[in-house]
Structures are given as C-alpha cells and as structure tokens.
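Every number in this text was worked out from the coordinates using simple rules, so none of it is lab data. A quick note: this is a predicted structure, and the numbers were derived from the prediction, not measured. Positions of Cβ are backbone-derived with ideal geometry, glycine not excepted, and every protein chain shown enters the neighbour counts.
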Amino acid sequence: MTTPIIEMHNITKTFGAVSALKKVNLRLMPSEILGLVGDNSAGKSTLMKVLTGAYQRDSGEVLLDGQPTHFKSPHESRDRGIEMIYQDFALCGNMDVGQNIFLSRWPKRFGFFVDRPRMYTDARAVLERLKVDVNSVFQRVESLSGGRQQSVAIARAISFNPRVVIFDEPTANLSVVATDRLLQTMTELKRQGVAQIIISHRLTDIFEVGDRIMVLKRGENVGERYIAETTEKKVLELIVSGTPEPGLSPAILRSV
C-alpha cells in the first residue's frame, strides 16, 4: 500500500478560549488532489497553516512520507517540498513577472550581480512547464488580470519544485475563463506528480479536478468521500448537517 505523502493525526489548536481544531485527521496521497471544504469557521485554513508551520499545533502529529515532523515555520515546510498559495497571491505589483517568480532569490553572477538573462530564461521555463501564458516575463504584475497574476503565484511556487501545493480559495475572484485555465493547470500539476490540497467553497471546481474531498465543521472531521463515488449534494449535506467522524478509515471514506 502506498505511503501517504502527508498525514495529520489528532491535530488540536486553540486560540485563547476558542478551539479552532479538535483532533483533526488528514491524509494526502502522492499525486492526489484533495478538496478541503467546510463553512467559514470550519478550520480549513488553520489546519493548513499548522501543516506548513505558520501556526504551531497544541497537540497531534504530522508525518511526511511516514516520518514524524514538526515544521517551525513556512520556510522549513518549503524546504521539504510543501508550498501554500494564499488568496492575495503575495506578489509585488511594481515588479515584472520574472522578478516575482524568483523574488528574494534572483540568480547571481560572480556572487553579486543579478543574472537577468538566466532569471528570465528560467521564468519562461517554469511558465512553459505549467502550460500557462502571461504574455511576457517582462510585464509588470500589476498590469495583469487576476487569473494571470495567479498563474505567476503558482509559477513562483512551482519554481521551488514542490511535492505538495496548497491552494487557498484559488477561484474566489476569477472569471470563468481564468477558472478554467487554473483547473487545467491543476490537472497538469497532477500529471507531473505534484499532490495538491484545494481549500474552496466552490464544490463544482473540486469535483472537476479532485480525487477526494474532506469536510470540516467547527474544527472537526465530519466526513471524507471519493469524488467518483459521491455527489455535490451529499457533500453539501455534510457541510450543513454533518456530525463528527473521529478516526476516519478507508471504510468510512466510501459514500453510501
């Protein structure tokens, strides 16, 4: 049986008197696309910030390739191949596409000068890998549409050669055309062996590209389903009225 690339067991996180996560379990298989859904207070983003080291868990265990690990910062999780792309994209609008893709790590010549030819050549290579078109690597990011800005954010993440990419509400502010382009990019990443977690309120998008879907409610697991064996209606029922399902197992994963 294939070892999950990521496992999270009994993750608990509190903020003062607020219990954000209550013994949450998650697993992600290699090359899998997992949808993470729930209402606005479900704990989805909190769980991912615990995974990447942006938040420190109160208790529980995180395993990478079956080995226990504890990331103290997003830099540490990035070094181990985990990237998270936030809703605001974290780009510098006054810089061009190539500069943004390699922001804070521009290639150097003689250990001092920025190697601009190499930077733009490498930027084009990353964009070609994603099969996306942003017109020009010399174009300022602030002049790009929301969809193309997101492509730059994804290209920046992919330039680190991650094994896992986490998308936080990736289609929330995109047009229909840009959404279709993003879903194609996700499919291409899957083909290249990159596992993905998609935090989203748009079930249609997850059903379009996902393999499995996991539902949180008030910081607890309330269900997991294989996309091929369930419907959007059944998942919505879990989001609205699901009850905690501790210790989710493969037998529970199958819809009835």
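Given points 7 Å out from each Cα along the Cα-Cβ axis, report the GLU188 to PHE138 separation in nanometres with one decimal.
Each label point lies 7 Å from its Cα, and together they span 2.3 nm.
To make sure I understand the rule: partners must be aspartates and glutamates, Cα under 20 Å from the Cα of LYS234, and not fewer than 8 residues away in the same chain. Which ones qualify?
ASP39, ASP205, GLU208, ASP211, GLU220, GLU224, GLU245
Given the pairs LYS44/LYS233; LYS44/LYS131; LYS22/LYS44; LYS13/LYS72; LYS131/LYS190, which are separated by over 23 angstrom at their Cα positions?
From LYS44/LYS233; LYS44/LYS131; LYS22/LYS44; LYS13/LYS72; LYS131/LYS190, over 23 Å: LYS44/LYS131.
Along the stretch 168-183, what does the Karplus equation 6.51 cos²θ - 1.76 cosθ + 1.60 (θ = phi - 60°) give for ³J(HN,Hα), rounded to whole Hz, x for Gly and Pro?
9, 6, x, 10, 4, 10, 9, 6, 4, 5, 5, 5, 4, 5, 5, 4
Evaluate 2.2 N^0.38 Å with N set to the residue count of the stretch 135-242, then give the Cα radius of gyration divided by it.
1.18
When MET119, MET95 are ordered from fewest to most other Cβ atoms inside 10 Å of their Cβ, what list results?
Ranking MET119, MET95 by Cβ neighbours within 10 Å, fewest first, gives MET95, MET119.
For the chain, what does -39500 (n - 2.57) per DSSP helix run (n ≥ 4), summed and divided by total residues, give at 222 nm, in deg cm²/dmol to the nearest 500?
So the helix-based figure for the chain works out to -9500 deg cm²/dmol.
Over the alpha carbons of the stretch 46-129, what is the largest minus smallest coordinate on each principal axis, giving the biggest first in Å?
47, 28, 26
Given (1) -0.36, -0.80, -1.68; (2) -0.41, -0.89, -1.58; (3) -0.41, -0.83, -1.43 as candidate values of log10 I(q)/I(0) by the Debye sum over Cα atoms at q = 0.09, 0.13, 0.18 Å⁻¹, which corresponds to the one derived from the coordinates?
(3)
By how many nm would the segment from VAL240 to SER175 grow when fully extended, if each residue of separation counts as 0.36 nm and the alpha-carbon distance is taken off?
Stretched out fully, the VAL240 to SER175 stretch lengthens by 20.7 nm.
Using the crude model of +1 on Lys and Arg Cβ and -1 on Asp and Glu Cβ, and no other charge, please compute the dipole size for the chain relative to its Cα centre, in debye to 20.
Result for the chain is approximately 460 debye, rounded to the nearest 20.
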